[in-house]
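> Quick one: the structure is below, and I'll ask about it shortly.
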């Protein structure tokens, strides 16, 4: 994150709202280990995790120190040092259709203590983050959510969806192409630099993925401190026949009642080529003494059923919203991405928070967009949350129109925004 974003003062409007509720909103000095530890512990508490041990706190401080870290305190509590509200944020590049990136204001660790519900804390935290991002000219805000009913009120819309799979490896056989290259066990420390390069290629290869900080990348390579299953993790790398690193899989094996029916929990599978993808999947499906492979945060177009002998042996157990996008600057956001068809539309964007509302003429020629404000009647009218849902290319326009959340020529909107390859975010932040 650049220094301007890190040191941006706390939002005045949010600070006033919190003060009127008898609370205090402030930036946390992340160089003050004691204060930062209290914030980290409050974050853990908010997501129902156990209280972090000293080595976990030390690791978290090192990883998260460069984020913009905000807290709400209740100074009426005697000797109160623990925040009752938390959020942090940073600028992350988001891959968009066409292969480019757009700066995204990534928002994470949004928690409110259950002792202080319904006092406007979440409203102040989220509103302050959006106003800060807007002041810094960041075109979009992004987040991944634990609850899907919360963030629409701030203009976020679900922009990518993630699939979860369970594969019965006693039922299926490999039915994909021949696999080559070299698979080998490694460990996160030895593979870290190479693994980061692989992840950079993965994140650049699909709309919806984001540039990863060291923290977000390292936790995909192996467990962080405090993980009770740390000793069970395995890391397998894939290198091409020419020796080029092209992928890896991090996983752990869970014991079963029957020794020949263990289950594999895949933490992350990274592949920059089809050869790496098929070799790593074949490795997982042919593991000895394993009866099931479980994996999450895959794309909605995962080709797994076509790689096995019995398509019913590879089951999608859920498809859920994953990355939520909030447009803050319509012209900057729409010109950052590419388009697979040319065309022209006038968009009427409504925004109850006042960041991005207006009428915009979108002209696409040669796959690139030109956007300007206009007074012309809109061909399509939609709330900013619906614009966020279609922004990365997801096939959502017609569904949103059916739900009454897009008015006008939804088919034309779909033809312009939809991409042949659906967007995906394959991790959490």
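> Is the stretch 163-320 rounded, prolate or oblate when judged by the Cα gyration tensor, a ≥ b ≥ c being the square roots of its eigenvalues, rounded requiring a/c under 1.5 and prolate requiring a/b larger than b/c?
Numbers: a/c = 1.43, a/b = 1.23, b/c = 1.17.
Verdict is rounded for the stretch 163-320.
> Multiply the residue gap between residue 376 and residue 8 by 0.36 nm, knock off their C-alpha separation, and tell me the result in nm, one decimal place.
Working: separation 368, 0.36 × 368 = 132.48 nm, distance 3.72 nm.
Length difference between fully extended and current span is 128.8 nm.
> Given labels modelled 7 Å from the Cα in the Cβ direction, how far is it in nm from residue 149 to residue 204?
Taking the two extended label points, one gets 4.2 nm.
> Can you give the extra length, in nm with one decimal, that the chain gains between residue 306 and residue 254 once fully stretched, where that is 0.36 nm per residue apart less the Cα-Cα distance?
Additional length available on full extension: 16.1 nm.
> Given a Förster radius of 35 Å and the C-beta distance between residue 135 and residue 363 as r, what FRET efficiency does 1/(1 + (r/R0)^6) yield to the nearest 0.05? Kindly include the intermediate steps, with their values, before the conclusion.
Working: r = 29 Å, r/R0 = 0.82.
Efficiency computed from Cβ-Cβ geometry: 0.75.
> Another one. Given only helices, namely DSSP H runs of n ≥ 4 each adding -39500 (n - 2.57), what is the per-residue ellipticity at 222 nm of the chain, to the nearest 500 deg cm²/dmol? Could you put the intermediate results ahead of the total?
On the way: 12 runs with 119 residues, N = 429.
About -8000 deg cm²/dmol.
> A follow-up question, please. For residue 19 paired with residue 65, estimate the spin-label separation in nm (one decimal), with each label point 7 Å from Cα along the Cα-to-Cβ line.
3.2 nm
> Let me ask you something else. What is the gain in length, in nm to one decimal, between residue 51 and residue 395 on full extension, counting 0.36 nm per residue of separation less the C-alpha to C-alpha distance?
On the way: separation 344, 0.36 × 344 = 123.84 nm, distance 4.14 nm.
That works out to 119.7 nm of additional length.
> Taking a ≥ b ≥ c as the square roots of the Cα gyration tensor eigenvalues, with a/c under 1.5 meaning rounded and otherwise prolate when a/b beats b/c, else oblate, which class fits the stretch 83-173?
On the way: a/c = 2.80, a/b = 1.36, b/c = 2.06.
Since a/c reaches 1.5 but b/c is at least a/b, the shape of the stretch 83-173 is classed as oblate.
> Here's another thing I want to ask about it. Let me make sure I get this right: for the chain, a, b and c are the square roots of the gyration tensor eigenvalues over alpha carbons, sorted descending. Under 1.5 in a/c it's rounded, otherwise prolate if a/b > b/c, else oblate. Which is it? Present the calculation step by step, with values, prior to reporting the outcome.
On the way: a/c = 1.94, a/b = 1.15, b/c = 1.68.
Oblate, since a/c reaches 1.5 and b/c is not below a/b.
> What whole-number distance in Å separates the alpha-carbon centres of the stretch 9-45 and the stretch 106-146?
One Cα centre to the other: 12 Å.
> Given a Förster distance of 30 Å, report the FRET efficiency between residue 192 and residue 263 from their Cβ-Cβ distance, rounded to the nearest 0.05.
Details: r = 27 Å, r/R0 = 0.91.
Taking R0 as 30 Å, the efficiency between residue 192 and residue 263 is 0.65.
> Sticking with this one: At 7 Å along Cα-to-Cβ for each site, give me the label-to-label distance between residue 318 and residue 184 in nm.
3.8 nm
Every number here is computed from the coordinates shown, using simple stated rules; none is lab data. This structure is a prediction, so every number in the text was calculated from the model and none was measured. Methodologically, a virtual Cβ is constructed for each residue, glycine included, from the backbone with ideal geometry; neighbour enumeration extends over all protein chains shown.
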